[in-house]
1. Only one of these conditions is not met by A:Tyr58: (1) within 14 Å of chain B (Cβ to nearest Cβ); (2) farther than 20 Å from A:Met126 by Cβ; (3) open to solvent by 10 Å² or more (accessible area, probe 1.4 Å). Which number is it?
2. Taking B:Arg13 as the residue in question, decide whether it is assigned to a loop (DSSP other than H, G, I, E, B) and at pLDDT below 95.
3. Kindly indicate the residue of segment A:194-249 that is of a type in the set (A, V, I, L, M), away from ligand 5 (no atom under 14 Å from the Cβ) and farther than 24 Å from A:Ser184 by Cβ and also farthest from the other protein chains (Cβ to nearest Cβ) among those meeting that condition.
4. What number of residues within segment A:15-50 are more than 7 Å from every other protein chain (Cβ to nearest Cβ) and either open to solvent by 10 Å² or more (accessible area, probe 1.4 Å) or farther than 21 Å from B:Met51 by Cβ (or both)?
Amino acid sequence: MAVKDYIRERFFPHMWCPGCGHGIVLNSLLRGVEQLGMSKNEIVMVSGIGCSSRISGYVDFHSLHTLHGRALAFATGVKMSKPELNVIVPMGDGDALAIGGNHFIHAARRNIAMTAIVMNNRIYGMTGGQYSPLSGYGTAATTAPYANIDHDFDVVQLAKAAGASFVARTTTFHARQMTDILKSAIVHDGFSVVEILTQCPTYFGRKNKMGGAAEMMEWFRDNTTPIGSKAKQENPDLIERGIFVQEEKQEYCAEYENVIKRATGGRS
Amino acid sequence: MPKKKLKEHLINREWCKGCGICVHFCPKDVLELDEQDKVVAARPQDCICCMLCELRCPDLAIEVRVEAEQEEASESR
Ligand SMILES: Cc1ncc(C[n+]2csc(CCOP(=O)(O)OP(=O)(O)O)c2C)c(N)n1
Ligand code: SF4
Ligand code: SF4
Ligand code: SF4
Ligand SMILES: [Mg+2]
């Protein structure tokens, strides 16, 4: 199937601003799904609320557009009742780690098989540019006109510590790497976290005087480096990209099946 | 891998929002925005079919079509 066969063309052009990185995430994800040769029927996309969460309206998979911060809770219900389906959960940084932070760490801890994508634009795009737990110290936002004093989470460290069995990071500049990582994350049998640095030129870019979409992508190019690179040793401020964790670990739905078997003495 | 040969750039003018990402990062300076802020292939003869414009377009608005013959040749290797 061609990439266009996986979208709901009737809703295009989409609602994202010119140059919004969320569209590149959609683009790379569609290519990954296409390269894996998956059918639309075996994928469920569950999202919350935010500009990022609007992605579920554009894909022609099964889709649920739910509540802000609660996508992983709904996704857990879907996966528990239909473990044979592939569940993909794209979330905004606010969605995943502010209001949804608790769902995030517990889904990771349980190691339930699904792909959590954190579309990290370091801002609340949809509601007008308020700072998020990923904005970072010293950044500007509508709600931090005199500079943000909150420190940010490191999504990779957080996901690792919480127990996710697949953890990766990439950016919208690195579209090919994004597709490759998303493919590995989707086929991984456990909780996969993929953080994608993505640009919101309308709020984060404008507030922080980072230029337009292309300049923001140049920032991703210039401030990231492959995991363990020599450049990282020389400049510890560089943000690492790649797959940090990829391990086998008891998966929640499979374990739940085992519980049922034990409880019914093999009669079910 | 044999060189890919360009057939055409398929540009969806309804979907293109003129963000300029494809123009900015094209390694061969093939693309331009026109007076309506829609992308056009101004120098298609210079295109090396790297596909980067297509892969990075947030609006799925540009597609790089390569010659079918060449495509088969590259797949058979
Ligand atoms: C329960 C609840 N609280 C708050 C909101 C308002 N709200 C909508 S989207 C959003 C944050 C969006 O930021 P993010 O999740 O980073 O997504 P983005 O728009 O940046 O992609 C908020 C606070 C809401 N819809 N529901
Ligand atoms: S406000 Fe920001 S995140 Fe929302 S669509 Fe516009 S650029 Fe994208
Ligand atoms: S990247 Fe896409 S939307 Fe942006 S100018 Fe190029 S074709 Fe248009
Ligand atoms: S395929 Fe590569 S060289 Fe050709 S127009 Fe696109 S970015 Fe430029
Ligand atoms: Mg955000």
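1. All conditions pass for A:Tyr58, except number (2).
2. No; evaluated as a whole, the condition is false for this residue.
3. Of everything passing the filter in segment A:194-249, A:Met210 is farthest from the other protein chains (Cβ to nearest Cβ).
4. The qualifying residues number 20.
Each row is one residue, and each column tells you yes or no for (1) of a type in the set (A, V, I, L, M); (2) over 29 Å from A:Thr139 (Cα atoms).
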position: A:Thr171; (1), (2): no, no
position: A:Gly190; (1), (2): no, yes
position: A:Ile196; (1), (2): yes, no
position: A:Trp219; (1), (2): no, no
position: A:Pro226; (1), (2): no, no
position: A:Ser229; (1), (2): no, no
position: A:Asp237; (1), (2): no, no
position: A:Cys253; (1), (2): no, yes
position: A:Glu257; (1), (2): no, yes
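The values are calculated or read from the model by the stated rules, or taken from the named source; none is laboratory data. These figures come from a predicted structure and were not determined experimentally. No Cβ is skipped: glycine too gets one built from the backbone with ideal geometry, and neighbour counts run over all protein chains shown. For the accessible areas, the whole protein counts, side chains as well, though only heavy atoms, and no ligand, DNA or RNA atoms are used. Shrake-Rupley method; radii C 1.70, N 1.55, O 1.52, S 1.80 Å.
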